[in-house]
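So the structure is just underneath, and the comments pick up after that.
The values are calculated or read from the model by the stated rules, or taken from the named source; none is laboratory data. Keep in mind that what you see is a predicted model, and the values were worked out from it rather than measured. Cβ coordinates were reconstructed from backbone atoms using ideal geometry, including for glycine residues, and neighbour counts include every protein chain displayed. With ligands, DNA and RNA removed, areas are computed over all heavy atoms of the protein, side chains included. Shrake-Rupley method; radii C 1.70, N 1.55, O 1.52, S 1.80 Å.
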Amino acid sequence: MTAVADDELELVRGTARQIAQRCAKAGHDADAHVTCWQALVEAGLTELREGEPDNTPAAPAAMAAAVVEELARVVCGAPLLGHLLAAELARLGGVVLPAGEAWTVALDDTWSRLGNAVGWDAARATVALALDGAGTGGVSVVTVGDRDVTADPTRRIATCAGPTGQGAEAGIDTIAAFHAFARTLVAADAVGAAAGVLDAALGYVQERVQFGVPVGSFQAVQHLLAEAFVRLEAARSSLTFATRALDATPLDPAAATRTSLVVKGWTGDAVVDVVEAAVQAFGGIAITWEHPAHRHLRRVLVDRQSLGAPATVDPLLLDATPLDAGSTDAGSPGAGSPDATEGVTADDTELARFRRDLRRWLREHGIERREDEEHARFLQRWHQELAAGGWVGLSWPQEYGGHGLSGVYEVVVNEEIGRAGAPDAPRVGYMGRALLTWGSEQQRTRYLPGLLRGDDYWCQGFSEPGAGSDLANISTRAVRDGDRYVISGQKVWTSYGEFADFCLLLARTSSAAGQPKHKGISAFVLPMDSPGVEVRPIRAITGHSEFCEIFLDDVELGAEQRIGAEGDGWPIAMMTVSYERGAADVGYLSKFGAALGELRRLVGKRADEPTVRLELGRLTRLYTLLGQHVERRLEDRQRTQAVPGPEMSVDKVLMTLVDQSLHAGALRLLGPGALAGGDRGEWLERYFYSRAASIYGGSQQIQLNIIAQRLLGLPH
Ligand SMILES: Cc1cc2nc3c(=O)[nH]c(=O)nc-3n(C[C@H](O)[C@H](O)[C@H](O)COP(=O)(O)OP(=O)(O)OC[C@H]3O[C@@H](n4cnc5c(N)ncnc54)[C@H](O)[C@@H]3O)c2cc1C
């Protein structure tokens with residue numbers, strides 16, 4: 001892979017930002033782009049994709065995307081995008097373009113693909129590269145005729161006036177590689193345009209006062225902008241993978257195509273949503289011509305259409321992810337669920353080998369649920385098998401039974417388990433991390449190996465009847481008596497409490513007057529067979545007992561069962577829920593991957609119907625996007641060695657979106673089959689359980705509060 005040095009990328013990004021800032025000051029009159037263009041030429045930024053003597057591009061795609069993104073933050077009118085696309089196509093196809101001119105590409109009449117109908121982003125171009133009509137991949141140079149504006153006045157279109165006689169047989173593969181690059185750069189443009197206006201809106205809502213307070217204090221405004229931020233963060237993750245695939249050496253055309261379709265499909269609607277949210281946050285001022293918000297909206301509307309709207313690219317993504325993809329059996333339920341890393345990290349031989357070995361292992365180690373076996377016990381047996389095979393605790397320290405590898409391996413395990421249609425990956429991550437960080441050496445060596453091996457089942461005893469979202473309100477008490485604690489109280493909604501060997505328990509150890517509620521809480525390891533513990537299963541919305549009430553009546557625990565110091569319970573709880581909000585830490589990527597593959601298999605012959613293709617393509621995109629986001633997060637965590645914090649709320653909101661979209665989509669796709677019981681009735685249960693995704697681990701509204709206040713800095 002061609003690594004783009006971070007400092008080099010930041011340097012070029014900084015240059016583009018300076019040009020963009022000058023552009024913003026110059027206003028948006030018709031000729032503003034002239035000076036910007038000149039500045040881009042002088043900085044060498046128009047040459048980023050021209051070929052070196054060995055025909056490699058002068059700069060990586062990640063750099064070109066960064067420059068495009070920076071200029072789009074101010075909706076700069078310089079037609080750099082069209083020019084870079086033409087340079088890319090000329091380089092790939094061996095076409096020589098006149099030096100010192102601005103070029104562009106011609107698209108078809110829907111602006112979805114390279115074509116010969118309209119010159120695109122043509123404010124300055126004198127020639128455009130167009131596709132010959134024969135569909136063989138022949139590219140010709142045409143002159144650009146009359147120009148017209150689009151909804152975005154900075155993005156002109158032009159007639160293709162006629163061939164110059166130049167051109168080349170570029171070939172179908174070259175056109176495909178070009179499309180991957182073009183979709184990615186248009187997506188970068190949309191991300192920049194949305195980020196620029198969202199930042200402005202965040203500044204505005206902190207200054208604009210109504211009802212005596214900044215409008216950014218209102219929860220409705222906070223949630224609007226927090227949701228927009230999540231959409232933009234996901235777009236950034238997807239863009240990272242799309243440029244990485246383009247910069248991979250050797251290029252894997254399938255991975256470049258797939259990642260470009262994901263980022264284009266996602267930015268299409270999500271980024272328009274972001275700008276619409278910003279317009280709403282500005283109020284009436286955004287509806288004026290003078291205010292810049294509409295320019296951003298115009299830009300992203302044109303970007304959504306250009307190089308393929310979601311309805312165009314989602315079915316293409318489905319085609320790029322064949323049901324018999326990979327080396328798993330085509331008939332296995334999850335075969336065909338995509339992955340975020342394959343092909344993108346092609347040169348990472350260790351990771352590629354790991355993936356291959358795991359695939360082989362999964363083929364050879366199927367598991368069947370025994371008749372009358374509880375689902376939780378079945379999952380535990382699967383966990384034990386996986387652990388024995390060496391596939392659990394990849395990113396955990398070796399001394400406690402882990403493998404000491406990077407978090408990216410956890411993503412690969414999730415993806416491959418999902419792809420094989422195997423049962424969910426184990427949910428060890430979130431439960432054990434607090435013990436790893438806060439536990440004594442004795443506690444770590446006693447509990448972590450059993451947790452990772454799947455021998456010990458753990459549950460989380462946090463919520464109580466009077467303490468849900470307001471977790472600090474717990475009233476279960478742990479009273480110190482010499483070298484032991486006596487604990488009494490009640491827990492509720494404790495997942496799998498009836499199967500658990502141990503509970504990570506929160507209890508109040510102090511309620512001194514004037515002390516903030518969250519200060520007097522401590523965390524304990526509670527053996528579930530302790531005298532005084534009573535577990536009562538609750539029948540859930542699915543019809544099964546997913547969670548329990550736990551009654552604690554004078555339960556005695558030795559002081560050595562306390563985790564950390566007395567009063568450390570709150571940060572321990574917050575760390576636990578932060579990990580719980582990551583899809584790889586709870587094994588949800590594997591669960592969604594398997595579900596998606598199974599769904600594709602179930603629709604069978606109907607897979608060719610346009611509406612079915614559209615829905616399956618959309619769900620494939622959402623699932624892949626989540627994988628990309630999770631992997632980006634784990635890479636960051638690996639690099640900074642930071643423990644997860646409020647940023648995990650972004651992951652939780654995304655995970656919820658994918659979970660609920662996938663299962664609501666399944667009901668639409670399966671129709672009466674999912675409602676009439678029988679084989680497919682299980683999908684109805686899964687749909688019901690997906691409704692819990694926006695409640696457990698901290699509700700959707702709580703996540704949006706955290707994002708707004710702790711990530712975006714809006715007032716408490
Ligand atoms: C399937 C499932 C499994 C669970 N597993 C566990 C487990 O293993 N261990 C455990 O300890 N707990 C578990 N829980 C409990 C879960 O953490 C709580 O349900 C959750 O924190 C919400 O609390 P609550 O149900 O009391 O809702 P409430 O806090 O009463 O909230 C009700 C509504 O009000 C909204 N709301 C509350 N406060 C605010 C606010 N400040 N701003 C905006 N809106 C707000 C909420 O979003 C929600 O829509 C589980 C829950 C479910 C559904």
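Against the conditions (1) farther than 24 Å from residue 309 by Cα; (2) surrounded by 18 or more Cβ atoms within 10 Å (Cβ to Cβ); (3) in contact with a strand residue (DSSP E or B) (Cβ under 7 Å, 6 or more places away or on another chain), where does residue 143 fall short? Just the number, please.
Answer for residue 143: the failing condition is (2).
When you scan the range 376-398, do you find a residue that is in contact with a strand residue (DSSP E or B) (Cβ under 6 Å, 6 or more places away or on another chain), open to solvent by less than 20 Å² (accessible area, probe 1.4 Å) and within 16 Å of the ligand (Cβ to nearest atom), even just one?
No, the range 376-398 has no match at all.
Pick from the range 463-488 the residues that are open to solvent by less than 50 Å² (accessible area, probe 1.4 Å) and closer than 16 Å to residue 561 by Cβ: which of them is farthest from the ligand (Cβ to nearest atom)?
So the residue we want is 486.
Check whether at least one residue in the range 116-130 is open to solvent by less than 30 Å² (accessible area, probe 1.4 Å) and among the acidic types (Asp, Glu), and report yes or no.
yes
Taking residue 96 as the residue in question, decide whether it is of a type in the set (Val, Ile, Thr), in a loop (DSSP other than H, G, I, E, B) and within 24 Å of residue 268 (Cβ to Cβ).
No, not satisfied.
Among the candidates 614, 669, 675, 662, which residue alone is of a type in the set (A, V, I, L, M, F, W, C), under 16 Å from the mean Cα position of the chain (by Cα) and not assigned by TED's automatic domain parsing to the domain that holds residue 316?
662
Anything in the range 559-585 that is open to solvent by less than 10 Å² (accessible area, probe 1.4 Å) and in a loop (DSSP other than H, G, I, E, B)? List them, or say none.
Residues satisfying the conditions are 582, 583.
Looking at the range 361-373, I want the residues that are more than 24 Å from residue 499 (Cα to Cα) and have a partner that is aliphatic (A, V, I, L, M) and assigned to a loop (DSSP other than H, G, I, E, B) with Cβ atoms under 8 Å, at least 6 apart or on another chain. Which pairs are those?
362/420; 362/422; 363/420
Taking interchain pairs and intrachain pairs at least six residues apart, which have beta carbon atoms under 7 angstrom, with the first residue in the range 490-512 and near the ligand (Cβ under 7 Å from one of its atoms) and the second of a type in the set (Phe, Trp, Tyr) and open to solvent by less than 20 Å² (accessible area, probe 1.4 Å)?
Note: no pairs meet the criteria.
Looking only at the range 244-282, which residues are open to solvent by 10 Å² or more (accessible area, probe 1.4 Å), closer than 18 Å to residue 306 by Cβ and of a type in the set (Ser, Thr, Tyr)?
257
If you check residue 563 against the conditions, is it touching a Phe, Trp or Tyr at 6+ places or on another chain (Cβ under 6 Å), modelled with pLDDT under 95 and in the same structural domain as residue 474 (by TED's automatic domain parsing)?
no
Scan 511, 463 and give me the residue that is among the small types (Gly, Ala, Ser) and out of contact with any Gly (no Cβ under 6 Å at 6 or more places or on another chain).
Exactly one of 511, 463 is among the small types (Gly, Ala, Ser) and out of contact with any Gly (no Cβ under 6 Å at 6 or more places or on another chain), namely 463.
Among the residues of the range 636-645, are any open to solvent by less than 30 Å² (accessible area, probe 1.4 Å) and closer than 18 Å to residue 706 by Cα?
Yes, there is a match, as at least one residue in the range 636-645 is open to solvent by less than 30 Å² (accessible area, probe 1.4 Å) and closer than 18 Å to residue 706 by Cα.
Just checking, does the range 73-89 include any residue being free of Cβ contacts under 8 Å to residues at least 24 places away in the same chain and either more than 14 Å from residue 185 (Cα to Cα) or open to solvent by less than 40 Å² (accessible area, probe 1.4 Å) (or both)?
No, because not a single residue in the range 73-89 is free of Cβ contacts under 8 Å to residues at least 24 places away in the same chain and either more than 14 Å from residue 185 (Cα to Cα) or open to solvent by less than 40 Å² (accessible area, probe 1.4 Å) (or both).
Kindly evaluate residue 526 against the criterion of being within 13 Å of the ligand (Cβ to nearest atom), farther than 21 Å from residue 696 by Cα and not assigned by TED's automatic domain parsing to the domain that holds residue 684.
Yes: the conditions hold for residue 526.
Tell me the residue from 194, 151 that is over 21 Å from residue 94 (Cβ atoms), assigned by TED's automatic domain parsing to the domain that holds residue 233 and among the hydrophobic types (A, V, I, L, M, F, W, C), please.
Going through 194, 151 in turn, just one is over 21 Å from residue 94 (Cβ atoms), assigned by TED's automatic domain parsing to the domain that holds residue 233 and among the hydrophobic types (A, V, I, L, M, F, W, C): 194.
Looking at (1) within 30 Å of residue 633 (Cβ to Cβ); (2) surrounded by fewer than 17 Cβ atoms within 10 Å (Cβ to Cβ); (3) not β-branched (Val, Ile, Thr), find the lone condition where residue 556 falls short.
Among (1) within 30 Å of residue 633 (Cβ to Cβ); (2) surrounded by fewer than 17 Cβ atoms within 10 Å (Cβ to Cβ); (3) not β-branched (Val, Ile, Thr), the lone unmet condition for residue 556 is (1).
Taking only the range 534-551 into account, find how many residues are within 15 Å of residue 374 (Cα to Cα), near the ligand (Cβ under 9 Å from one of its atoms) and open to solvent by 40 Å² or more (accessible area, probe 1.4 Å).
Total meeting the criteria: 1.
Being part of a loop (DSSP other than H, G, I, E, B) and either at pLDDT below 85 or within 30 Å of the chain's Cα centre (by Cα) (or both) is the filter here, so list the residues in the range 1-57 that pass it.
Matches in the range 1-57: 1, 2, 3, 4, 5, 27, 28, 29, 30, 31, 48, 49.
How many residues are in contact (Cβ under 8 Å) with a residue 40 or more places away in the chain and within 15 Å of residue 210 (Cβ to Cβ) if we restrict to the range 275-284?
Selection size over the range 275-284: 4.
So, residue 415, is that one more than 15 Å from the ligand (Cβ to nearest atom) and more than 27 Å from the chain's Cα centre (by Cα) or not?
Judged against the criteria, residue 415 is not a match.
If you scan the range 661-710, which residues turn out to be of a type in the set (S, T, N, Q), in contact with a Ser or Thr (Cβ under 6 Å, 6 or more places away or on another chain) and open to solvent by 30 Å² or more (accessible area, probe 1.4 Å)?
Passing the criteria: only 700.
Given the conditions (1) among the aromatic types (Phe, Trp, Tyr); (2) touching a Gly at 6+ places or on another chain (Cβ under 8 Å); (3) modelled with pLDDT of 90 or more, and given that residue 430 satisfies all but one, which numbered condition is not satisfied?
For residue 430, the exception is condition (3).
When residue 78 is evaluated against the numbered criteria (1) in contact with a Cys (Cβ under 9 Å, 6 or more places away or on another chain); (2) more than 26 Å from residue 24 (Cα to Cα), which criterion, by number, is the only one it fails?
(2)
Quick one: residue 432 ticks every box in (1) within 15 Å of the ligand (Cβ to nearest atom); (2) part of a strand (DSSP E or B); (3) open to solvent by less than 10 Å² (accessible area, probe 1.4 Å) except a single one, so which number is it?
Going through the list (1) within 15 Å of the ligand (Cβ to nearest atom); (2) part of a strand (DSSP E or B); (3) open to solvent by less than 10 Å² (accessible area, probe 1.4 Å), residue 432 breaks only (2).
Before we move on, is residue 620 farther than 30 Å from residue 479 by Cα and surrounded by fewer than 20 Cβ atoms within 10 Å (Cβ to Cβ)?
no
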